[in-house]
Amino acid sequence: MLLLLSSIALGQDPAGQDLDGIRAKGLEVAPYVDLGASFTPNVYRTPGNPKPAAGALLRPGLTLRWQTPEFALNLAGQAARRQVLFVVGDDVSAWQLSRTDLNLKGELLLRPDKPLSVVIREQAGRAHTLAPSSLAGASGKGLAVRQNTLTQAGVRYQPGRGALSIALLGRGEVEQHNVTVGPNYLVPTSSITRLSGGGDLQAKWAFFPRTELVVNGQIEGYAWTGTQLPGWGWRANAGIYGRVNYPLVINVAAGFAQLRDGGVTSTTPLDGVTVKVAGIWKPTRTQSLRLAYEKDLEDSWYAPYLHYHRASLRYGVAPGKRTQLTSQGSVRWEQARGLAYQDVVVSSSIKVDYALSQQLSLGAQAGLDWRLQAGWDVPVSAWIRVGW
């Protein structure tokens, strides 16, 4: 699989400045498209016997904002097509390794200027990820295609558009995993679907000029196709978040999460403790540094659940008016409960963008990806972006 690690800063040009977009009577539309090429030295990301591949990259996207007294609509979307043109040392037809990923988000507010407004949110995605090659029958190759749709609808209370905001939303989600492992890499060997529904509570209170108190809660029932028992889970957390328009921002949140498969608690108390810490420092107007740590758990398609720790670092700098340099890296340590399995996932990239004009820019990126239970890859890509 060709893997392109790119930051999806929808609605921004490569130099990090907002695109002008197309404007008319409260409507702003900012479309763009990337045209380029990509190369990977290990298209299957196996531990050994790498197969290089190269191909074309097509990545269209847009943001849309529409504001009226009756409603406020925000949409953002991107599609990424990686068309493999040739593979070295493999008899598989190159086009069969081509991939298309999608990422769509939308929010609609009815009566946005009133204290009580209606909220509708929609998310949809399709992503190709590396399946652990230690799974039975993987034979060093593994690919998982995750498709999901999430719908949330409810009400938001924000009196006088002031410091307090409370949202109560119902939710429904469909998540599907098509998994391919083994020598016949291109034929899915299993498909599993997760159906869930429940509710979300989101509250925010700006009690100081520089800080906000945030409280979140969620409860949902879920069912997997196959042999896993249906269950339900809940999570709650609270934290203090700094305002992003200050040079130094510290965000801290902690809480607890629990999964109950078949009505029986499947998560341990220690795994259920969740922590999120992030520090954002802007030493100058053109530099930004972000360091973060997260401890959490998640439901899994191949295990009762995953418990993980994740640390990440991101640095961005604009060495010139037309140039933006971004580097980022993360390490995730995860352990599958109910299975004798643990993994380490490393991901990093460095990206440079050069704006020829407001509508035209050049970009290039190199990354390093490695997974303890799979393999490695060093994807490289370059593109031309046309945007408004």
Review point. Is there a pair in K204/K351; K51/K321; K114/K276; K51/K276; K276/K321; K105/K276 whose C-alpha atoms are over 30 Å apart, and which pairs would that be?
Key: K204/K351; K51/K321; K114/K276; K51/K276; K276/K321
Point to revise | the chain - accessible surface per residue (Å², probe 1.4 Å) | key: 49 Å²
Exercise for review: Using only alpha carbon pairs under 8 Å that are at least six residues apart, calculate the relative contact order of the chain and give it in whole percent.
Suggested key: 14 percent
Check your understanding: Given charges of +1 on the Cβ of Lys and Arg and -1 on the Cβ of Asp and Glu, with all other atoms neutral, how large is the dipole of the stretch 239-295 about its Cα centre, in debye to the nearest 20?
Key -> 400 debye
Review point. Just how much of R59 is accessible, in Å², when a 1.4 Å probe is used and the result is rounded to the nearest 10?
Key: 10 Å²
Check your understanding: Rounded to the nearest 10 Å², what accessible area does L104 show when all protein chains are kept and the probe is 1.4 Å?
Key -> 90 Å²
Review point. In nm, to one decimal, how far is the modelled label at T68 from the one at E122, with both set 7 Å along Cα→Cβ?
Key: 1.7 nm
Check your understanding: What size of dipole, in debye to the nearest 20, comes out for the chain about its Cα centre when the only charges are +1 on Lys and Arg C-beta atoms and -1 on Asp and Glu C-beta atoms?
Key -> 840 debye
Revision key, fill the gap. Yeah, the chain with a ≥ b ≥ c from its alpha-carbon gyration tensor (a/c under 1.5 is rounded, else prolate when a/b outruns b/c, oblate otherwise) is oblate
Exercise for review: May I ask you to give the percent of accessible area on the chain that is carbon plus sulfur, with a probe radius of 1.4 Å?
Suggested key: 64 percent
Exercise for review: Heavy atoms only, probe 1.4 angstrom, no DNA, RNA or ligands counted: give me Y246, Y308, Y354 ranked by accessible area, highest first.
Suggested key: Y354, Y246, Y308
Point to revise | Length added when fully stretched, W234-A254, from 0.36 nm per residue minus Cα-Cα | key: 5.8 nm
Study note, to complete from the structure: Taking the alpha-carbon centre of each part, the distance from the stretch 281-305 to the stretch 336-369 in Å is 14 Å
Review point. Counting Lys and Arg as +1 and Asp and Glu as -1, what is the net charge of the other residues whose Cβ lies under 14 Å from the Cβ of I240?
Key: +3
Review point. Leaving out ligands, DNA and RNA but keeping every protein chain, what accessible area does I350 have, in Å² rounded to the nearest 10, with a 1.4 Å probe?
Key: 90 Å²
**Study point:** Neighbour-limited loop hits for GluC sites (Glu not before Pro), the stretch 273-334 (at most 10 other Cβ within 10 Å; DSSP other than H, G, I, E, B)
**Key:** none
Revision key, fill the gap. Classified through the alpha carbon gyration tensor (a ≥ b ≥ c as square roots of its eigenvalues; rounded if a/c is under 1.5, else prolate when a/b is larger than b/c, else oblate), the stretch 227-288 comes out prolate
Point to revise | Furthest towards positive pole of dipole, A336, Y241, S38, structure part the chain, Cβ charges | key: Y241
Revision key, fill the gap. Residue separation between Q147 and K204 times 0.36 nm, minus their alpha-carbon distance, gives in nm 17.5 nm
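The values are calculated or read from the model by the stated rules, or taken from the named source; none is laboratory data. Note that this is a predicted model, so its numbers are computed, not measured. Cβ: placed from backbone, ideal geometry, glycine included. Neighbour counts: every protein chain shown. Surface areas here come from the heavy atoms of the whole protein model, side chains and all, with no ligands, DNA or RNA. Shrake-Rupley method; radii C 1.70, N 1.55, O 1.52, S 1.80 Å.
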